[in-house]
Amino acid sequence: MAPVLISALEADYILKGIDDNLRADGRGRLDYREVILETGLITQAHGSARCRLGEGTDVLVGVKVDIGTVDIDGTEEEVATVKAKRGRVVCNVECSPIASQQFAGRGADDINNELTQMMSRVLNGPQGGLNLEKLCIIPGKACWIVYIDALVLDYAGNIVDTMFMTTRAALFNTQVPKAIIHDLGDGEVEFDLSEDVEEWERIEGWEHVPISVTLNKIGSRHIVDATPLEELTTEAKLHVMVNRNGKICGIQKSGSGSIEHSLLSEMVQVHIFVI
Amino acid sequence: MVDRRRIQGPEVSVAPIIIKSADKRTCLKDEHSRRRDGRNLEDICPIFLKTGLISQANGSAFIEIRRTKIACGVYGPRQTKIPSFSGKGNLNVEIKFAPFSCQKRRQPYRDAQEKDLSQLVIEALVPSIRLDLLPKSTIDIYITVLENDGTASCLAAAITCASVAVADAGIEMLDLVPASSASYIGGEIYMDSDLAEEQHETGYLILSYMPSLKEVTHILQSGDVDLALTTQAFEQCTDACSKIYSVMINSLLLPIRDTQ
Amino acid sequence: MVKNSLAFEAETFRKIQPQEYLRRFIQGNIRPDGRSLSQFRPTTVNQSCITTTNGSSMVRIGNTTVVCGIKAEVATPKFNSPLEGYLVPNIDLSPICSPKFKPGPPGELAQVLSENLNNLLKSASVLDLTSLCIKEGIAVWVLYIDLVCVNYDGNIYDASVIGMITALTNVKLPEATFEESSGLVKATEELSVTLKLQRIPYSVTVALFDGQHLLVDPTEVEESITSEQITIVFDEVGQLCSIWKVGGLPSSPEHLKQCMNIARERYKQISMIVKSSI
């Protein structure tokens, strides 16, 4: 079980180590731990992946696609027509209480909600990568809804990065059934789902799904892929989402500290080096 | 389940679909790159900021930027309800959008977006407040959005307004926290964009910044953006924050000048 | 010299003996905020202040501030009244307006107020609901009347009624048509249709202190000390719409008569204020 409190001495030890570019587990400031990524573990889901980071953090993501109705009301016609031709992504992140003490009880709701919102924000916008228009079956009527469920099974720091990595892998693994559209005339349209697994397709644009790099500010320096003890020493975190073209798809600060103006620019630059 | 604590309308209701006349396609800027309200791309809007409007609260502020109207009340520091010892004070923020504040009617109960925005405001304000001086206490900040003219600028306004309200409550702070926002539309940066501009944006940046300490308390960016553009937007938001900062200071000094 | 142990600050006196504190003031024919017993607080009305609504208003009575916004949506009418639309009034006393209120679902006071506003709309038939019809039996307008209290300093009901009625008078709906082919209701972009109210009621609240003193337009402090309050609602031709009395003790018919006279006078005042706000 990961600790939730840290002694002043321990914090000082970590701080000094980071100043010397040598962390407790022998890594430098910008070194990641070993990543083990598996895909296709859950047979019931349309796509799934599990990622283990170092000795601890373990995230399982399942993707399920389902047919839903298009949500068109309330907007101007111009926007409504664009929306009518799109599918959507629904995210849910849950941190298992067995992973860490901080996920037990009511505190977990806030963390779950924050992570869920962060993920939907990134995946639903134009920066999400997925071609939402390809998820449309009949414009204005039916579309695919991609449900992404992330489960944090074990915690040893750096959940956000692991979560995005796993999600990208799970979306790569996802196969969507092919919808065969029948035109009944009079503008009436119906569709069937293909039973043939061979015809199932990947969601277009999965390769543009961004991943995240979390920078932890400790003292006047920053590190990537922090362990739980390092996270406790962290004053502020900066999550930077990047896609494969090196474009920034999102920046978000979390934690209770603040970041110096100059350091922030430097931190944003660092992500490219890390990737 | 029927909620008996509220007056219930019909089970389902929808907003009607508005027929938009085709020739009135919104043009976000003219040939002199002036926006629809005459601003340049990098200009922010005038701000109306006033403290002390809620007589029952320890501190309060009201902000109006374009059509965005936000009221904020601060209660506390008061005793933490849950009897657990904490050496640091607790900050609690609740943002509520009035049901009529947006284009589409919002449900009266708290939704996931409001919870998320509340969390963002906490993260933006915590670095500025001396919570270490307030053990066992809670500061409650309640924010009501009466009208929303662009979500990103609305969140920035909420942070600015809340920070002034905290100062108005006489709570010790390191610095005020002004916040500003920018939209990325067609590879250009539109500062402090309104609702119509926001519908065309491909991303946004919200920055809250403590000018005297030169520290960023919060940053949130979304969208597919080049590093160079982000850096530029970041600089512009920092400048905007410094301008907002002087408005905040004035609003706090005004009641004192009046009494003198 | 021996210091008189009974002499303390006025603020302390107010906290430990609120009843006696108010009584002393009343004996001097004045109230803690400097008003006379029959004086109302300054009232301001600001109409159509929120553009995301179909109709809105902001009312301030002294410190009490209420914002009312009306949003129109489309729904199917009830089976037994295919022509009638819906009016759905709700008030939100959020924790921003006073430390008395807790976050979460509406508390007792908010429920009572919403119910009363609803009853007023129904029993006084303020609006002919059939005027909200778009297509008989298929589509009608629903007007969600949401009131948000920003600052709570007593007499919230009067402020809410003024807010609700003025917001209703400035409601502007789009011209809506039911499109047979698509089964959708389409509306024009410009808002041109206004509503005609059948009656324009305004309410007046008077608190009764010690069973004999009438305090008009009570503040939050006065409300919490006095046990009885009488609310009288009149319409524009001086017809009574409702009387609502809270509190256990009986009040004499004379008091009621006095209240009626106060309410009639106040009605003129309010309609002047509302008129000048347009």
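Okay, here's what the table says:
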item	result
Considering residues of region B:197-211 that are among the hydroxyl-bearing types (Ser, Thr, Tyr) and under 18 Å from B:Ala162 (Cα atoms) only, the residue farthest from the other protein chains (Cβ to nearest Cβ)	B:Ser208
Selection within region B:128-149 - at pLDDT below 90, within 9 Å of another protein chain (Cβ to nearest Cβ) and part of a helix (DSSP H, G or I)	B:Leu131
Residue in region C:193-211 that is farthest from C:Ile230 (Cα to Cα), counting only those that are of a type in the set (A, V, I, L, M) and under 16 Å from the mean Cα position of the chain (by Cα)	C:Ile200
Residue match in region C:197-210 (condition: within 12 Å of chain B (Cβ to nearest Cβ) and either in a loop (DSSP other than H, G, I, E, B) or at pLDDT below 85 (or both))	no
Test: residue in region C:114-126 that is surrounded by fewer than 16 Cβ atoms within 10 Å (Cβ to Cβ), basic (Lys, Arg) and within 11 Å of another protein chain (Cβ to nearest Cβ)	yes
Matching residues in region A:56-109 - criterion: being among the acidic types (Asp, Glu), surrounded by 15 or more Cβ atoms within 10 Å (Cβ to Cβ) and modelled with pLDDT of 75 or more	A:Asp58, A:Glu94
C:Asn80 vs. criteria surrounded by fewer than 22 Cβ atoms within 10 Å (Cβ to Cβ), more than 7 Å from every other protein chain (Cβ to nearest Cβ) and closer than 28 Å to C:Ile134 by Cβ	yes
Filter result (more than 23 Å from B:Asp149 (Cα to Cα), facing chain C (nearest Cβ under 9 Å) and surrounded by 22 or more Cβ atoms within 10 Å (Cβ to Cβ)) within region B:55-68	B:Ala57
Number of the exception - C:Glu223 against (1) away from every other protein chain (no Cβ under 14 Å); (2) modelled with pLDDT of 85 or more	(1)
Any hit, region C:45-52, residues being polar (S, T, N, Q) and facing another protein chain (nearest Cβ under 9 Å)	yes
Residues of region A:191-221 that turn out to be out of contact with any Asp or Glu (no Cβ under 8 Å at 6 or more places or on another chain), touching a residue at least 40 places away in the same chain (Cβ under 8 Å) and either buried (at least 20 other Cβ atoms within 10 Å of the Cβ) or small (Gly, Ala, Ser) (or both), as a count	5
Matching residues in region A:125-136 - criterion: being surrounded by fewer than 18 Cβ atoms within 10 Å (Cβ to Cβ) and either at the interface with chain B (Cβ under 9 Å from one of its Cβ atoms) or in contact with a helix residue (DSSP H, G or I) (Cβ under 8 Å, 6 or more places away or on another chain) (or both)	A:Pro126
Lone qualifier among C:Gly163, C:Gly154, C:Gly137 - being small (Gly, Ala, Ser), surrounded by fewer than 18 Cβ atoms within 10 Å (Cβ to Cβ) and either more than 7 Å from chain B (Cβ to nearest Cβ) or not in a helix (DSSP H, G or I) (or both)	C:Gly137
Candidate set from region C:188-198 (those that are touching a residue at least 24 places away in the same chain (Cβ under 8 Å) and surrounded by 16 or more Cβ atoms within 10 Å (Cβ to Cβ)); member that is farthest from C:Thr52 (Cα to Cα)	C:Leu197
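The values are calculated or read from the model by the stated rules, or taken from the named source; none is laboratory data. Given the structure is predicted, the values throughout are model-derived calculations rather than measurements. Cβ coordinates were reconstructed from backbone atoms using ideal geometry, including for glycine residues, and neighbour counts include every protein chain displayed.
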